[in-house]
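Report on the structure given below.
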Amino acid sequence: MEIFLYVLAAIVALIIVLGLIAPNSYQVKRSIIINHTLPETFTYLKSIKNQDNWSPWKKKDPNMTQTFEGTDGEIGFISKWKGNKDVGEGEQEIVSIVENESIDTELRFFKPWKSHSIGHLLVDKVDDNQTLVTWGFSGRNPFPFNIFMLFFNFEKAVGKDFEEGLKSLKNILENK
């Protein structure tokens, strides 16, 4: 019994130490230059429903069910989804729009695990016919879930999806 208590204490101590050294926040972002005017690019991005055309997650589950609340492209618009194990279940709400600069959304994931993030779409004028689009999101990992970040390269895994989505967005806008 004494050995069991020592082992249990060691496991608890290890979890506490890992929780203290593990990152408690995350940020992933990627950018691409699109040969398209900034105002037209921003207008396209502002419509959350347009993400179905370029989102890598829509490609992972083209049969996901979606519902919408509010007016697309305006603060308060909510897109809800339920999909397969690759996309899970959640919702995205437009929480901020700065015309021709940024769109922020609140991402609430319910499955496969609960989490909350802030999504960002930023546009910057490169020249009259080129726009830099930056897509990303950030959030916090509470203890003990932050320990998972020590063993999973979130930046690399999600970053690949962002790169794929931005390439699709570029293709769509440049061929309009």
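Taking segment 111-132, which residues are farther than 17 Å from Thr37 by Cα and either surrounded by 14 or more Cβ atoms within 10 Å (Cβ to Cβ) or touching a residue at least 60 places away in the same chain (Cβ under 8 Å) (or both)? Steps first, please.
First pass over segment 111-132, keeping only residues farther than 17 Å from Thr37 by Cα: 111-120.
Those that are farther than 17 Å from Thr37 by Cα and either surrounded by 14 or more Cβ atoms within 10 Å (Cβ to Cβ) or touching a residue at least 60 places away in the same chain (Cβ under 8 Å) (or both): Ser115, Ser117, Ile118, Gly119, His120.
When you go through (1) more than 29 Å from Asn24 (Cβ to Cβ); (2) touching a residue at least 24 places away in the same chain (Cβ under 8 Å) one by one for Leu107, which number turns out not to apply?
Of (1) more than 29 Å from Asn24 (Cβ to Cβ); (2) touching a residue at least 24 places away in the same chain (Cβ under 8 Å), only one is false for Leu107: (1).
Name the single residue that is farthest from Ser102 (Cα to Cα) among those in segment 54-65 being touching a residue at least 12 places away in the same chain (Cβ under 8 Å) and loosely packed, with under 14 Cβ neighbours inside 10 Å.
So, considering only residues that are touching a residue at least 12 places away in the same chain (Cβ under 8 Å) and loosely packed, with under 14 Cβ neighbours inside 10 Å, the one farthest from Ser102 (Cα to Cα) is Asn63.
Got a number for residues in segment 66-83 being of a type in the set (A, V, I, L, M) and surrounded by 16 or more Cβ atoms within 10 Å (Cβ to Cβ)?
Of the residues in segment 66-83, 1 are of a type in the set (A, V, I, L, M) and surrounded by 16 or more Cβ atoms within 10 Å (Cβ to Cβ).
For every residue, the table says whether it meets (1) in contact with a Leu (Cβ under 9 Å, 6 or more places away or on another chain); (2) of a type in the set (Asp, Glu); (3) closer than 22 Å to Pro142 by Cα.
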| site | (1), (2), (3) |
| --- | --- |
| Phe4 | no, no, no |
| Val7 | no, no, no |
| Ile32 | yes, no, no |
| Met64 | no, no, no |
| Gly70 | no, no, no |
| Ile78 | no, no, no |
| Lys82 | no, no, no |
| Phe110 | no, no, yes |
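Could you say whether any residue in segment 122-135 is within 22 Å of Lys160 (Cβ to Cβ) and either in a loop (DSSP other than H, G, I, E, B) or touching a Cys at 6+ places or on another chain (Cβ under 9 Å) (or both)?
Scanning segment 122-135, I find no residue that is within 22 Å of Lys160 (Cβ to Cβ) and either in a loop (DSSP other than H, G, I, E, B) or touching a Cys at 6+ places or on another chain (Cβ under 9 Å) (or both), so the answer is no.
Laboratory data are not the source of any read-out in this text; all were calculated from the coordinates shown. The structure displayed is predicted, hence computed values, not measured ones. Please note: Cβ atoms are built from the backbone with ideal geometry, for glycine as well, and neighbour counts cover all protein chains shown.
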